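One structure below.
The values are calculated or read from the model by the stated rules, or taken from the named source; none is laboratory data. A quick note: this is a predicted structure, and the numbers were derived from the prediction, not measured. Methodologically, a virtual Cβ is constructed for each residue, glycine included, from the backbone with ideal geometry; neighbour enumeration extends over all protein chains shown.
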Amino acid sequence: MVYNYNVPQGGSAGDALTKTSDTDHEVEWSSGIHASIHFQDFASPATGSPPVGSFSKVALFDENGASNGATPDHTANTITVPVDGDYEVSFAAVIGGFTNTLYAFAIYAGPSGSTTQTFARTATEFFATDTPVNISDSSIGHLDAGDVVELHFQADATKDITVWNLKMTVKKI
């Protein structure tokens, strides 16, 4: 069976044709909603002080990354999503810590000022002080329009963490 679709004009390479309602044949061109924030300075790494026993927002981001539709804000260490939907949220870091100290990271999301642990949670323990390791995680979940996404961390002892590279990314799927 052949259908006669009215494909809207416009669109660019890489854009997707997205169905906009439950009604047949209502579509529009859209590029993927995404945003990222990051910190990167291998010459002068940052130092973070994760709290013991409870998560606290990471406040080390120093630059907005690429974005389309979602709003990155490195000064608030958040990314705000524009529409309801399922999103992939990820983070990656090159970090160093103290021997026999467990450092945990979790992605929080929700209305600004009242985020909760929503997405990925991962941890690493160091067996040699300040030996850089890669740590990353990603997860998929539902976010509402206006929700903010934050990266939080904690440690099991009062020991700082060294950060050479840190990135958090949000992408609508």
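Here are the numbers for the structure shown:
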{"item": "ILE37 being within 21 Å of ASP156 (Cα to Cα), in contact (Cβ under 8 Å) with a residue 60 or more places away in the chain and either outside any loop (DSSP other than H, G, I, E, B) or assigned by TED's automatic domain parsing to the domain that holds LEU151 (or both)", "result": "no"}
{"item": "Exclusive hit being within 18 Å of GLY53 (Cβ to Cβ) and either touching an Asp or Glu at 6+ places or on another chain (Cβ under 8 Å) or in contact (Cβ under 8 Å) with a residue 12 or more places away in the chain (or both), set ALA145, ALA155, ALA128", "result": "ALA155"}
{"item": "When residues of the stretch 52-75 are limited to those that are of a type in the set (D, E, K, R) and either assigned to a strand (DSSP E or B) or out of contact with any strand residue (DSSP E or B) (no Cβ under 7 Å at 6 or more places or on another chain) (or both), the one farthest from GLY110 (Cα to Cα)", "result": "GLU63"}
{"item": "Residues within the stretch 54-91 that are within 15 Å of the chain's Cα centre (by Cα) and over 26 Å from ALA145 (Cβ atoms), tallied", "result": "2"}
{"item": "Criterion: under 15 Å from ASP84 (Cβ atoms) and of a type outside the set (Asp, Glu) - qualifying residue of ALA128, ALA155, ALA145", "result": "ALA145"}
{"item": "Strands (runs of 3 or more DSSP E) wholly inside the stretch 76-173 containing at least 2 residues that are surrounded by 21 or more Cβ atoms within 10 Å (Cβ to Cβ)", "result": "78-80, 85-96, 102-110, 148-155, 161-172"}
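Yes/no matrix, rows are residues, columns are (1) farther than 22 Å from LYS159 by Cα; (2) at pLDDT below 90; (3) not assigned by TED's automatic domain parsing to the domain that holds ARG121:
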site: ALA43; (1), (2), (3): no, yes, no
site: GLY48; (1), (2), (3): no, no, no
site: ALA66; (1), (2), (3): yes, no, no
site: ASP73; (1), (2), (3): yes, no, no
site: ILE79; (1), (2), (3): yes, no, no
site: GLY85; (1), (2), (3): yes, no, no
